[in-house]
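Below: the structure, in structure tokens.
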Amino acid sequence: MRRNIMDLMLLLGDEAIAQGAMDAGLSGVYAYPGTPSTEITEYIQRSKQAKEKKVHSEWSVNEKTAMEEALGMSYAGKRAMVCMKHVGLNVAADAFVNSAITGANGGLLVVVADDPSMHSSQNEQDSRYYGKFAMIPVLEPSDQQEAYDMAYNGFELSEKYETPVLLRITTRLAHSRGAVYRKDLLEENILKLPENMTQYVLLPAIARIQYKKLIDKQQEINTSSEGSAYNYFFDAPDKQRGVIACGITINYLRELYDHGEAPYPVLKIGQYPAPVDKVKMMIGSCAEVLLLEEGYPFLEEMLNTPYMPQAKIKGRLSGDLPRTGELNPDLIAQALGMELSPTRAPSILVKGRPPSMCAGCTHIEVYNELNAALIQYGKGRVFSDIGCYTLGALPPYNAINSCVDMGASITMAKGAADAGLKPAVAVIGDSTFTHSGMTGLMDAIYENSPITIIISDNRTTAMTGGQTSLATGKLDEVCIGLGVGPDHVHTFEPSPKNRQEVINIIEKELAYEGLSVIIPVRECVQTAKKHKKQNIKKEVAS
Amino acid sequence: MKMDIILAGVGGQGILSVAAAIGYAAINEGLHIKQAEVHGMSQRGGVVQSHFRISDQPIYSELIPLGKADMILSLEPMEALRYLPYLGETGWLISNEKPMVNIVDYPDADALYTSIRQVENHVLLDTDKLARKVGTAKASNMALLGAASAHLPLKEKSLEKGIRQLFKAKGEKIMEMNINAFIAGRSLALEKDAV
Ligand SMILES: Cc1ncc(C[n+]2csc(CCOP(=O)(O)OP(=O)(O)O)c2C)c(N)n1
């Protein structure tokens, strides 16, 4: 194919996926924000191409609803993509695993961004296990071009095997920019119901048939990996060693050699299940094999198990590479026994610059008030959640005692109250509340649990860059509608001016032997700045 | 030709715009680039950093190996030193001298300057002040790019064109202010070199 420089785009890995999906005739993207996956959906939301084609791109309330909405679009015959960060797949897991059993009608691409080194996450779980668990093809790009190509071809693969396809990326690829050449623009699929009208009805009798079908597809899925253009072999004369490089790690390896050519045989993997014949050939022909994988030692664990140890397999388990964290060219050079360049000593003057809440942030006001109201009870009773307000764990606030997974503040407070911790407090953000707080709230409503819930509403999903928050401004109605007693729902704008009044409200509700919800509402200072700018622009324009 | 640059700064300073301007310029000259960004917590005053690689040959790794960077370009003096182990023996350390103090244990600024001056090839200048002179301190990032431009493998004209591409959407006035900041940074750095 001739490539024209005019067709070249300079895209983040995330953006390349978005562009690839759109060019392949995407009809809808479904997602809940989460670093480092957010920019995929945001790119589509900004795209003129998507607007013209009316591609769905509104945010979903959480990853499970996103996954199900995408499955519904696939049911109707259209191509759908769902995007999330790795922990989002835990939330979507029920729908995800079962979507492999129902199968896909229109192409269904599940994009999951893992975060090795935990740049902005609470763990570094490896989504390839989920793909294996669900028994579906998994793609892992090594650069922006492959990210584009895999998104583009992923739908075809999904339609061919009638299963969802998992596209796994990591932070480094998601947030690096590189050149991308586009392919021909495809038309959207037409609305077309599945031929088998019962395959999505997972009653045990049908599910057994569907599950058998999924198992029967495995042979073909393996064959597809074996011949995949994303898995390729570079032969080389020195068989003292071979290297298997998954995803982005191939770049770090090639960096170490002139013209990117290693003296050892190299197997690059971009489609899983990893091609059995090719892997076997590497192990059979090389004296030892080094495995390069971002995330967990997923493939290494299959080749070198504690029950049948294989000394010739090297990687994260053997200690040749670190067990945790992201890889880089230096770590790989070390594992290969290469000499590193001399380096300058790190400066002892340099200090960390931990993120902190912005000056004027509404959460700061809320924590000052909550801390004051809690003085009489002592520390250790505030369960919190994930968002900018989690930074309240740091000094000088030291205001919260937990942050586990989205929504866990309310339910953990309830469990602690059930155990006798009174009062127990939950602090949760508006977006986190609609993501997974509402369901837990139902438990507390049903038992009128003696907990005080603070929904600190900054009118946005701030932590991930200010995306729409689906119920901001009407959280009191939502809570009352679900069944919280209206006398114990308080909404107000917190400020230094009404601080004493607010402390009094919190104190009163802490003393109350039942469920209360306190909703301080004030816009995030970052989005407020953005809105001000937009308003000035509008005024200038009108 | 190959040039590996570490771009450094603090959230909100606009270091990623410097990356974008260099990116446009390199693409305009038909070069290969790869750029890794660390986003994440940047909005909240955290560290922002980018590995930027330019070459006339294909580039493999998105990350620069330790001791291999040809330049550290920083909008903040402590951030400039954070990446010292990446800087190659003959590499350039180019930094704004205005500290961004948002932590309690921020080091003594003079000690930072002394450390920066220990790097043989360094440029240390107040790009905030330079930018303010031509209109707005917000263009400090483009003044810094100007200061670095003589040591980049890119033509002055392509960099200027890159800046125009970057700020096109923001209107003529903002675009010109940024171009002027770039020119001011470039002239001052050339003067300093001459001394
Ligand atoms: C399951 C899951 N999905 C997404 C994320 C990413 N994430 C972390 S915090 C956050 C937003 C929180 O918004 P909100 O509750 O409104 O609090 P704010 O940051 O605005 O204070 C998101 C989307 C996550 N950590 N876990």
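Would you be able to say whether some residue in the range A:10-28 is at pLDDT below 95, away from chain B (no Cβ under 14 Å), surrounded by fewer than 18 Cβ atoms within 10 Å (Cβ to Cβ) and away from the ligand (no atom under 15 Å from the Cβ)?
No, that holds for no residue.
Name every residue in the range A:237-261 that is within 14 Å of chain B (Cβ to nearest Cβ), in a loop (DSSP other than H, G, I, E, B) and surrounded by fewer than 19 Cβ atoms within 10 Å (Cβ to Cβ), in order of residue number.
Answer for the range A:237-261, where residues must be within 14 Å of chain B (Cβ to nearest Cβ), in a loop (DSSP other than H, G, I, E, B) and surrounded by fewer than 19 Cβ atoms within 10 Å (Cβ to Cβ): A:L256, A:Y257, A:E261.
Test each condition in (1) surrounded by fewer than 21 Cβ atoms within 10 Å (Cβ to Cβ); (2) touching a residue at least 60 places away in the same chain (Cβ under 8 Å) for B:E89 and report the one that comes out false.
So B:E89 meets the others, but not (2).
Consider only pairs whose beta carbons are under 8 Å apart and that are at least six residues apart or on different chains; among these, list those whose first residue lies in the range A:459-483 and is in contact (Cβ under 8 Å) with a residue 40 or more places away in the chain and whose second residue is away from the ligand (no atom under 14 Å from the Cβ) and assigned to a loop (DSSP other than H, G, I, E, B).
Sorted first by the residue in the range A:459-483, then by its partner, the pairs are A:T468/A:E58.
Taking the range B:16-60 as the search range and keeping residues that are touching a His at 6+ places or on another chain (Cβ under 8 Å) and in a loop (DSSP other than H, G, I, E, B), which one is modelled with the lowest pLDDT?
Filtering the range B:16-60 for residues that are touching a His at 6+ places or on another chain (Cβ under 8 Å) and in a loop (DSSP other than H, G, I, E, B), the one modelled with the lowest pLDDT comes out as B:G40.
State the number of residues belonging to the range A:450-465 that are at positive phi and at pLDDT below 95. If you could, list the steps in order and put the result at the bottom.
First, pick out the residues of the range A:450-465 that are at positive phi: A:459, A:465.
Right, trim to at pLDDT below 95 and you get A:465.
Summing the residues that are at positive phi and at pLDDT below 95 in the range A:450-465 gives 1.
In the range A:127-147, what count of residues is obtained for those that are more than 14 Å from chain B (Cβ to nearest Cβ) and more than 16 Å from the ligand (Cβ to nearest atom)?
12
Quick test of your reading of the structure: A:G315 fulfils all but one of (1) surrounded by 14 or more Cβ atoms within 10 Å (Cβ to Cβ); (2) within 30 Å of B:V119 (Cα to Cα); (3) in the same structural domain as A:E255 (by TED's automatic domain parsing). Name the failing condition by number.
Only one criterion in (1) surrounded by 14 or more Cβ atoms within 10 Å (Cβ to Cβ); (2) within 30 Å of B:V119 (Cα to Cα); (3) in the same structural domain as A:E255 (by TED's automatic domain parsing) is unmet by A:G315, namely (2).
Within the range A:153-171, can one find any residue that is aromatic (F, W, Y), away from the ligand (no atom under 16 Å from the Cβ) and closer than 19 Å to A:C246 by Cα? Before the answer, list the steps.
Applying the first criterion (aromatic (F, W, Y)) to the range A:153-171 yields A:155, A:161.
So of that shortlist, the ones also away from the ligand (no atom under 16 Å from the Cβ) come out as A:155, A:161.
From what's left, closer than 19 Å to A:C246 by Cα: none.
Within the range A:153-171, none of the residues are aromatic (F, W, Y), away from the ligand (no atom under 16 Å from the Cβ) and closer than 19 Å to A:C246 by Cα.
For the range A:418-458, how many residues are touching a residue at least 40 places away in the same chain (Cβ under 8 Å), of a type in the set (G, A, S) and away from the ligand (no atom under 13 Å from the Cβ)?
3
Given the residues A:M282, A:M338, which is the only one that is within 14 Å of chain B (Cβ to nearest Cβ) and either at pLDDT below 95 or over 30 Å from A:V382 (Cα atoms) (or both)?
A:M338
With respect to B:P99, is the statement that it is closer than 21 Å to A:R172 by Cα and free of Cβ contacts under 8 Å to residues at least 24 places away in the same chain true? Reasoning before the result, please.
On the way: closer than 21 Å to A:R172 by Cα: no; free of Cβ contacts under 8 Å to residues at least 24 places away in the same chain: yes.
No: the conditions fail for B:P99.
Taking into account only those residues within the range A:459-484 that are among the small types (G, A, S) and away from the ligand (no atom under 16 Å from the Cβ), which is surrounded by the fewest Cβ atoms within 10 Å (Cβ to Cβ)?
A:G481
The values are calculated or read from the model by the stated rules, or taken from the named source; none is laboratory data. As the structure is a computational prediction, the values presented were derived from the model and not from experiment. All Cβ positions, even for glycine, are placed from backbone atoms using ideal geometry, and neighbour counts span all protein chains on display.
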